[in-house]
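Student: First the structure, which I've put down as structure tokens, then a few questions once you've had a look.
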Amino acid sequence: MNPADIEEKEIDRIYVIIKKEAEGGGYFLNPDVDFTKNLVRGLLKNEQRYGYRACPCRLAAGNKDEDLDIICPCNYRDPDLDDFGACYCALYVSGAIAGGKTQEAPVPERRPPRSGRGKKKVVQTIPVAPALSLSLPVWRCTVCGYLCAREQPPGICPICKVTKERFERFL
């Protein structure tokens, strides 16, 4: 199937699913339905091209491991919503924007350049207690920050619905 041949019925179906998942997690989609459905079309085109829904407003590498941070919902959604009221592509917006109280403004790209991706920030921690001995590892969702203690990360994040590959070992 040619990426341009995505049927409107499929776009409408995925739009409803994404909207329901967003609202279930306390998020809002852009109230401009035509604009939002065009973003859904882009997500579906990228899913056809690469096998995953990379952000339609960013250049995907075509390698899932390299693009994990921009698979929708991307790792930058929540910080963008906090700082600017919308994510980079404006699929997700704040309640104020969704309610028509304010309008979205341009969101600067927060994704590091290719040369800086995959490098962990060195965070200096100050121990507040003796080293913990936990019986299970703690996993953190890189999209929403959800934490859980278990042998392996959950298959799907119960908060933002991303898959287990978006989790990192936290403790």
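The values are calculated or read from the model by the stated rules, or taken from the named source; none is laboratory data. Everything quoted here is computed from the prediction, not taken from an experiment. Don't worry about glycine lacking a Cβ; one is built from the backbone with ideal geometry, like all the others, and counts go over all protein chains shown.
Student: Assess whether GLY62 counts as being over 22 Å from ILE6 (Cα atoms), out of contact with any Ser or Thr (no Cβ under 7 Å at 6 or more places or on another chain) and not in a helix (DSSP H, G or I).
Tutor: no
Student: Could you list all residues from the range 158-168 that are modelled with pLDDT of 90 or more and in contact with a helix residue (DSSP H, G or I) (Cβ under 8 Å, 6 or more places away or on another chain)?
Tutor: Scanning the range 158-168 gives GLU165, ARG166.
Student: With the checklist (1) at pLDDT below 95; (2) over 18 Å from the mean Cα position of the chain (by Cα) in hand, flag the one item ILE11 doesn't pass.
Tutor: (1)
Student: If CYS89 satisfies every condition in (1) outside any helix (DSSP H, G or I); (2) of a type outside the set (S, T, N, Q); (3) at pLDDT below 95 but one, which is the exception?
Tutor: Here CYS89 meets the rest and fails (3).
Student: Still on this structure, I have one more. Among the residues in the range 54-66, are any in contact with a Pro (Cβ under 7 Å, 6 or more places away or on another chain) and surrounded by 13 or more Cβ atoms within 10 Å (Cβ to Cβ)?
Tutor: no
Student: Same structure again: Restricting attention to the range 1-53, and to residues there that are of a type in the set (Gly, Ala, Ser) and part of a helix (DSSP H, G or I), which single residue is surrounded by the fewest Cβ atoms within 10 Å (Cβ to Cβ)?
Tutor: Out of the qualifying residues, it is ALA4.
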